[in-house]
Amino acid sequence: MKYSYFLILVFLVSCVDDFNHHAIDTTIQNPDISKKTEITFQQLFDLHSNEIGKDTIVTGYVVSSDQEGNFYKEIFVQNTSGVNDLGTNNPRMGLRVRVGVTTTSTKYAKGRKIVINLEGLKKTTSDDLLTLGKPSNTYIKDILEFNLDTHILKTEELVPIEPKVLEISDVALNDLNTLIRIEDLHFKAEEIGIPFAGLPTDDFDGKRTLEFCNTSRRDTLILETSNFSDFASELIPNKQVSVSGIYTINFDDEPVLVLNQFRDLEQIGTYANCAQIVTPNLMMTEVADPKVGSGEKARYVEIYNPTDNWVSLEGWKLIRYNKTSTNENAYTIPLDELTIAAKSTLIVATNSEDALTAKTWFQVYFNFAPALTNASIDGNGDDAYELIDPLNKVKDVYGEPNVDGTDLPWEYEDGVAVRKTTVTEPNTLFDVTEWEIKTKAPQLSTTSSNEDFTPGLR
């Protein structure tokens, strides 16, 4: 938005001490942004030029604090003090600002609304982490102390910051640089009783693993603590905990959670170790290499859900093994975006398309679209497949991985392998007697029933 005049008023200048005897700068600029153009964090992220034009600002709330020494020469700023998006094109987001002072909390208190004058600054978005600083060739550097009051202007508004409550599995890119809270976690059992940081193996920061688990999944996130923080020597508790902190990317390109203060880690109950996780008994029920016309491919794998519940395939994947006398390759097909209904099947097919209809050849011949297409579904009759669960364990297998299936009993060249309906559970050890296998089936046709192939039926 554009305004018509610009004036900065400095109406309060004083210094007091915090409990660590650092001088607190209570100067309030209360900038009048009348002649400035305010852009959103999303617009700043999307700017094609890394250097920002004249008279441009963003506003937001400080959500970090280095009061206990866990942040160094940086502040984190959110575009809202709450947990909701500000609009369809203005999602809740955060940014990191590199500053040339080591006691930022004495100048920019957590909860303080600030105006960032972007003129003369540069932004980077490496690892999707929106960061501001002074230009330094192709990089950025700290905004030095004598420039801070030019670029970071404080307002009178000082409000509580509400952390967004999430599960580890729900943390997303827009949560980077923001304050989040994750509940009902514990640390890995082998880390109980060691300090949060400061071990000989901790270079600059201690990395301890927070873990969430139930009977269906296990998720982890690193809690990173500076060796120089006031609480580095505190010991990892043998308790369930809830943690509020800044979600960001560290120098090793890892997603981490960083505490503002030690009290942001709350002990909430008795340590509950992870029970054995049981994943649903999904299984492969049809693997096919149909004979088709020249330049066409209609290969597919059918997956069946024998349970009474819908199943999300987040974390599941297929692996195709291509073994010949000259190579040994494995191709991964992620299934994360899919769900499968109870007692139902879904089809994952090759992405080969008919140029005239823009339909996959699978759809041309079988009259329905597969749930997923992937070029790696390309087993030509002698390739094995594994179905891998979210724990990265084999749930089911067809054929012998890393074995060329040519002339072996499980070969399905120009044909199909169909799981017998009497088989109701997956098998991590391939058993050819569970399958009815036909090779050299008639070529697929759009005018016949292609009765040897039954994708979608179980």
Suppose the filter is in the same structural domain as E411 (by TED's automatic domain parsing), assigned to a strand (DSSP E or B) and touching a Lys or Arg at 6+ places or on another chain (Cβ under 6 Å); does Y321 pass it?
no
In the range 318-353, the residues that are over 19 Å from I303 (Cα atoms) and free of Cβ contacts under 8 Å to residues at least 24 places away in the same chain
T326, N327, N329, E353
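So which residues in the range 136-148 are of a type outside the set (V, I, T) and either surrounded by 15 or more Cβ atoms within 10 Å (Cβ to Cβ) or closer than 20 Å to Q78 by Cβ (or both), if there are any at all?
D142, N147, L148
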I'm trying to understand the selection: among the residues of the range 61-89, which are over 25 Å from K134 (Cα atoms) and either in a strand (DSSP E or B) or of a type in the set (F, W, Y) (or both)?
G87
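Regarding V287, is this residue more than 26 Å from the chain's Cα centre (by Cα) and part of a loop (DSSP other than H, G, I, E, B)?
no
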Tally up the residues in the range 403-458 that are outside the structural domain of S344 (by TED's automatic domain parsing), among the β-branched types (V, I, T) and at pLDDT below 95, please.
2
Considering only residues that are surrounded by 17 or more Cβ atoms within 10 Å (Cβ to Cβ) and more than 15 Å from the chain's Cα centre (by Cα), look in the range 243-257 and name the one that is nearest to R96 (Cα to Cα).
I246
Hey, among A288, A275, A232, which residue is in contact (Cβ under 8 Å) with a residue 24 or more places away in the chain, within 30 Å of K395 (Cβ to Cβ) and surrounded by 21 or more Cβ atoms within 10 Å (Cβ to Cβ)?
A288
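For (1) surrounded by 19 or more Cβ atoms within 10 Å (Cβ to Cβ); (2) touching a residue at least 24 places away in the same chain (Cβ under 8 Å), each residue gets a yes or a no:
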site	(1), (2)
F76	yes, yes
N84	no, no
T88	no, no
T124	no, yes
Quick check on the range 48-61. Is at least one of its residues of a type in the set (F, W, Y) and farther than 22 Å from R263 by Cβ?
no
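Just give me the residues in the range 129-171 being part of a loop (DSSP other than H, G, I, E, B) and aliphatic (A, V, I, L, M), in sequence order.
L129, L130, L144, V159, I161, V171
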Give the range 344-402 a look and list any residue that's acidic (D, E), out of contact with any strand residue (DSSP E or B) (no Cβ under 6 Å at 6 or more places or on another chain) and within 19 Å of T447 (Cα to Cα), or say none.
D354
Residues in the range 407-435 that are free of Cβ contacts under 8 Å to residues at least 60 places away in the same chain and either among the hydroxyl-bearing types (S, T, Y) or exposed (fewer than 11 other Cβ atoms within 10 Å of the Cβ) (or both) total 8
The condition from (1) touching a Lys or Arg at 6+ places or on another chain (Cβ under 8 Å); (2) touching a residue at least 40 places away in the same chain (Cβ under 8 Å) that L118 misses is numbered (1)
Mind counting the residues in the range 354-383 that are assigned to a helix (DSSP H, G or I) and farther than 14 Å from A298 by Cβ?
0
Taking the range 402-458 and keeping residues among the hydroxyl-bearing types (S, T, Y) and touching a Lys or Arg at 6+ places or on another chain (Cβ under 8 Å) leaves Y412, T421, T428
Identify all residues within the range 306-316 that are under 26 Å from the mean Cα position of the chain (by Cα) and within 15 Å of P426 (Cα to Cα); write none if there are none.
W316
Of all residues in the range 298-318, count the ones that are outside any strand (DSSP E or B) and buried (at least 21 other Cβ atoms within 10 Å of the Cβ).
4
Taking the range 244-266, which residues are hydrophobic (A, V, I, L, M, F, W, C) and either under 19 Å from L173 (Cβ atoms) or assigned by TED's automatic domain parsing to the domain that holds L95 (or both)?
I246, I249, F251, V256, L257, V258
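The values are calculated or read from the model by the stated rules, or taken from the named source; none is laboratory data. Keep in mind that this is a model prediction, so the values were computed, not measured. Cβ sites come from the backbone with ideal geometry, for glycine too, and all protein chains shown count toward neighbours.
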